[in-house]
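The values are calculated or read from the model by the stated rules, or taken from the named source; none is laboratory data. None of these values were measured; they are calculated from a predicted model. Glycine also receives a Cβ, built like all others from the backbone with ideal geometry; neighbour counts cover every protein chain displayed.
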Amino acid sequence: MSEFAEFRAEVAAWFRDNRPPEPDFLLPESFMEVGTEQQFEYLRAWQRKIWEAGYLGMAWPKEYGGGGQPQAMQDIVNAEMARQKVPFVPNTIGLNWAGPLILAIGTPAEKQRYIKNILSAEDIWCQGFSEPDNGSDLAATTTRATRDGDAYILNGAKIWTSLGSYAKYMILLARTEPGSKRYAGLSYFLVPMHTPGIETQPIRKLTGEYGFTQTFFRDARIPDDCLMGKEGEGWKIAMMTLTFERGASGGQAGGIARQALNVHDTVDLARLARRDGRPAIQDPLMRDQLVRFLIEDQGDRLTAARGAIPGLTSERPHAIPLSQKLRTSEHRRRLLQFALGLQGANAARWMGDANAREGGKWQRAYFNSFSSTIGGGTTQIQSNIVAERVLGLPKD
């Protein structure tokens, strides 16, 4: 048995033996739906347990709390977590965006200060990019950071702040040069959320759950060592952050970020759902659609593997990483819409309805799927990125 095969068996056994008990409350599907203290503490304790067992941050440096192991070992852990459908780890922004960024360009002091607590879930992170009046137009940022001696004074607002109610730190893009426009005059900060003058207001989602907040900055004073890089480098650093968020750059700590209903769950649903008095899976049209989703799912898996082989991507080397977020988020939305269609009129039922299929989890998952098509850049923005940076099409 190879080294990795032995490791895979070890990991599989650990997750089987250490899976947390099912809670007596509804778990969120992803970090974007964490809306109660019960949910948060349950998931936070689970992340810490995985890290203490050595299965999170395996490829991050040992001196900062990681494992110093090959990335392939973390990939095995991630795959096993998904296969066994264990709960996700909540510190998604810290593990997958802020952490990799700090490791890539942060100072030794920043790495020492932040990385270990990201892994242990002691410090939860959130993101301050989108604003109420600007949506996906990140370059239109109006939140201000005004230099005042050895500090900056923050004023403005951010919106769709996932985990904003629970975060200790925020990655923040703010304008430091008065009168500057678009990409110039922006700076990047690692902001302590417990600073006086920073307030979060929960936002109720379409599903009735919480998880997002709007964040207000009213003369919030932060030390100048919260600045990452130099003044005016904010746009460059924000774009680097988005390469981690969209999966175009590696270096993430691992773990899974959601408990996702997938194409195989949809096949199982098709066996249970009825159409014209028969299982829906016996309907030729439904079978054809299921096969198309299965092919697309497998294609995405193989595409990700192909992206690691330079000889197979030489013609358009950026096509796979830059299209990954677009492909996977839209695939999930369409798959869940199809799953609701399998249920016929029963799809109109909601969570709490005794007659809803599997407690209404398909309806909940469908409405939640739109968050992935918006966060990190909308589907329209992602399509433009592929058109411009992969296909070379003009902005006009």
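Are any of the residues in segment 142-151 within 24 Å of ASP219 (Cβ to Cβ), crowded, with 24+ Cβ neighbours inside 10 Å and not hydrophobic (A, V, I, L, M, F, W, C)?
no
Does GLY352 satisfy the condition of being part of a loop (DSSP other than H, G, I, E, B), of a type outside the set (Ser, Thr, Tyr) and surrounded by 15 or more Cβ atoms within 10 Å (Cβ to Cβ)?
So GLY352 does not fit the description; no.
What do you reckon, is MET81 hydrophobic (A, V, I, L, M, F, W, C), crowded, with 20+ Cβ neighbours inside 10 Å and modelled with pLDDT under 95?
Against the criterion (hydrophobic (A, V, I, L, M, F, W, C), crowded, with 20+ Cβ neighbours inside 10 Å and modelled with pLDDT under 95), MET81 does not qualify.
Condition first: under 30 Å from ASP288 (Cβ atoms) and part of a loop (DSSP other than H, G, I, E, B). Can you find one or more residues in segment 360-376 that meet it?
no
Could you tell me which of the residues ILE256, ILE203, ILE222 is at pLDDT 95 or above and either over 16 Å from LEU186 (Cα atoms) or not assigned by TED's automatic domain parsing to the domain that holds LEU101 (or both)?
Selected residue: ILE222, the only one of ILE256, ILE203, ILE222 that is at pLDDT 95 or above and either over 16 Å from LEU186 (Cα atoms) or not assigned by TED's automatic domain parsing to the domain that holds LEU101 (or both).
What's the total number of residues in segment 132-155 that are within 20 Å of ILE237 (Cα to Cα), of a type outside the set (Val, Ile, Thr) and modelled with pLDDT of 95 or more?
The qualifying residues number 5.
For segment 206-219, how many residues meet the condition of being buried (at least 21 other Cβ atoms within 10 Å of the Cβ) and assigned to a strand (DSSP E or B)?
Residues meeting the conditions: 4.
Looking at this structure, is THR195 surrounded by fewer than 20 Cβ atoms within 10 Å (Cβ to Cβ), under 23 Å from ARG113 (Cβ atoms), among the polar types (S, T, N, Q) and outside the structural domain of GLN39 (by TED's automatic domain parsing)?
It is true that THR195 is surrounded by fewer than 20 Cβ atoms within 10 Å (Cβ to Cβ), under 23 Å from ARG113 (Cβ atoms), among the polar types (S, T, N, Q) and outside the structural domain of GLN39 (by TED's automatic domain parsing).
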